[in-house]
Amino acid sequence: MHFKHVLVLCLINLVLGQKDPHFAADRNTIVHLFEWKWSDIADECERFLAPKGFGGVQISPPNENLVVTSSNRPWWERYQPVSYILNTRSGDETALADMISRCNAVGVRIYVDTVINHMTGIGGTGTAGSQADHDGKNYPAVPYGPDDFHEFCTINNYQDASNVRNCELEGLIDLNQSLDHVRSKIIEFMNHLVDLGVAGFRVDAAKHMWPADLEAIYGSLKYLNTNHGFLDGQKPFIFQEVVDFGGEAVSKHEYTGFGTVVEFQHAVSLGNAFQGGTQLANLANWGPEWNLVDGPDALAFICNHDNQRTGSTQILTYKNPKPYKMAIAFMLAHPYGTTTRVISSFAFDDYDQGPPQDGDGNLISPIINDDGTCGNGYVCEHRWRQIFNMVGFRNAVQGTGIENWWSDGNQQIAFGRGNKGFVAFTIGYDLNQHLQTGLPAGSYCDVISGNAENGTCTGKTIIVGENGYADLSLGANEDDGVIAIHVNAKL
Ligand code: ZXY
Ligand code: CA
């Protein structure tokens, strides 16, 4: 290779840095299999995620957490680390390693939810049997001792970055990541996961850590393990939880120099738009003009494990399926957001409620019904046709831009992606339009109302004429407010 090409490749690596999700070819979108067992994730990679073109899985924290017996083992106990021993209700290190290998073998990447801002909020015993001496500031299974934490103070002023980063979030004892010992324990933990074959990390509570400390930690991570199909010299993908709607001392822009950020404004703005809060026509300039970080710096999503249960009217969840599916379809159809993520929830009635479990606190596996949906308390949005087929749409249109944008100036929009795909949306009234799709002439299966199976379509068939135009009809009262066609579902 000519040295100029090597130079360009190095520059791309520098710029993309830890912003490349390392998806296999023709894959996209991370699904958060929230609180799933490792063995169930391995099965799901093989039987569903790989065939449907998903790029990867965000897994729940794999390291030992506090056993919280109050409120019957709430979901948030996994955000109270006791040690970096890889043993939780999802499984032990053997099961984790096996799952990572099986998923990588079918081209599905694994991203680890990493809780490194803090340890526990109270004392007790962890899922691997280790002790958490909260009041004495001792976590012997790491080990961390009193000197490894910030002086006690409570986070109570989001206008003060030092308070946000050096004090305790909800009483969770706050690690001092500027110390060599703390850094080295975190780096050792993350590098262990890289050795096991993971592709990257979600960094929990990144807003509550200093950017310089995080940059140093990420910079010390190993290259991805080439035995798991990664190219040489690839650094782990990083997506950082920095909740920022403006108006606080800490900004998401402080974190985009060395990794991506989870774009909460993306979730809220589309949550509003698909509930009629702003006209869909206004989405013509969807992107950074909406106070979003640049697309390559963003992990785009509609709802996550935390904000799905806060009851915020701005956040769409499985409990509000029509606009939820529309917002996800828009996210997956739109080129904004180099990386997209959907959550796969378990059903819940109250905020604290933990995952499906038996009387002994063991996690219960999802069952897969004959129609492909889940049971045993799992919602499995990723198995909803309208969602997994839009992952397929995003794969089909990769590398294209928006073309043939159309709107009625109000609550109806449509747009194409190059000559590969076309979508239309309506809220509140019937859509009946003759529109330029940009697609080659032919019959296409609308992958929202059905599946393309052996050359036939179980939903609506859309005919694109020689001139690229198609007649589109979408009733206001249909189950879904979207039509989507693409070249990989041409009949
Ligand atoms: N918890 C209950 C009680 C215990 C856990 C609660 O009422 N918390 C106060 C409101 C949410 O604040 C938390 C935030 O991040 C966390 C929290 C947390 C991260 C953790 C562990 C936690 O409590 O307990 O690893 C948080 C921080 C922000 C922000 C929004 C939320 O803008 O800067 C919770 C747990 C929430 O509500 C939680 C847990 C894990 C997460 C997360 C939220 O990854 O995003
Ligand atoms: Ca902190």
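Each reported figure results from applying straightforward, stated rules to the coordinates on display, with no laboratory input. Quick caveat, the model's predicted, so the values are computed rather than measured. Glycine also receives a Cβ, built like all others from the backbone with ideal geometry; neighbour counts cover every protein chain displayed.
Brief remarks follow.
- Three-way shape label, region 402-489, alpha-carbon gyration tensor, a/c 1.5: oblate
- FRET efficiency for residue 39 and residue 249, using Cβ-Cβ distance with R0 set to 35 Å, rounded to 0.05: 0.20
- Residue pairs exceeding 30 angstrom between C-alpha atoms, taken from 37/420; 19/325; 185/207; 19/185: 37/420.
- Here the 3J(HN,Hα) profile of region 439-454, calculated from phi with Karplus coefficients 6.51, -1.76 and 1.60 at θ = phi - 60°, is 8, x, 4, x, 9, 10, 8, 6, 7, 7, 8, x, 10, 8, 10, 6 Hz, Gly and Pro shown as x.
- Under-5 Å amide H pairs with residue 320, H placed in peptide plane, nonlocal only: none
- Added length on full extension, which subtracts the Cα-Cα distance from 0.36 nm per residue, residue 434 to residue 306: 41.9 nm
- In sequence order, calculated HN-Hα J values of region 305-318 (Karplus, 6.51, -1.76, 1.60; Hz; x Gly/Pro): 4, 8, 6, 5, 10, 7, x, 4, 5, 7, 9, 8, 9, 4
- Ordering of 368-381, 265-278 by packing is 265-278, 368-381, highest average first (other Cβ atoms within 10 Å, averaged per residue).
- Amide hydrogen proximity for residue 346: with H placed 1.01 Å from N in the peptide plane, the residues at 5 or more positions away or on another chain lying under 5 Å are 379.
- Once backbone amide H atoms are built at 1.01 Å from N, residue 417 has 403, 422 as its partners under 5 Å, excluding neighbours fewer than 5 places away on the same chain.
- Multiplying each eigenvalue of the alpha-carbon gyration tensor of the chain by 5 and taking the square root yields semi-axes of 39, 24, 23 Å, largest first, rounded to whole angstroms.
- Of the residues 217, 402, the one with the fewest other Cβ atoms within 10 Å heads the list, and the complete ranking is 402, 217.
- Zone residues, region 363-397, relative to residue 94, backbone N less than 19 Å from point 7 Å out along Cα-to-Cβ: 363
- Projecting label points 7 angstrom from Cα along Cα→Cβ for residue 477 and residue 454 puts them 3.5 nm apart.
- Residue 180-residue 162 pseudo-label distance in nm [points 7 Å out on the Cα-to-Cβ vector]: 2.5
- Estimated [θ] at 222 nm from DSSP helical runs (n ≥ 4, -39500 (n - 2.57)) normalised by residues in the chain, nearest 500: -6500 deg cm²/dmol
- Only one residue of 321, 424, 218 has its Cα farthest out toward the positive end of the dipole of the chain, where Lys and Arg carry +1 and Asp and Glu -1 on Cβ, and that residue is 424.
- Residue 351 paired with residue 215, simple spin-label distance in nm, labels 7 Å along Cα-to-beta-carbon: 3.6
- Coupling constants for region 19-33 follow from the phi torsions by the Karplus curve (6.51 cos²θ - 1.76 cosθ + 1.60, θ = phi - 60°), and in residue order they are 10, 9, x, 6, 5, 5, 4, 6, 9, 7, 6, 9, 10, 8, 8 Hz; glycine and proline get x.
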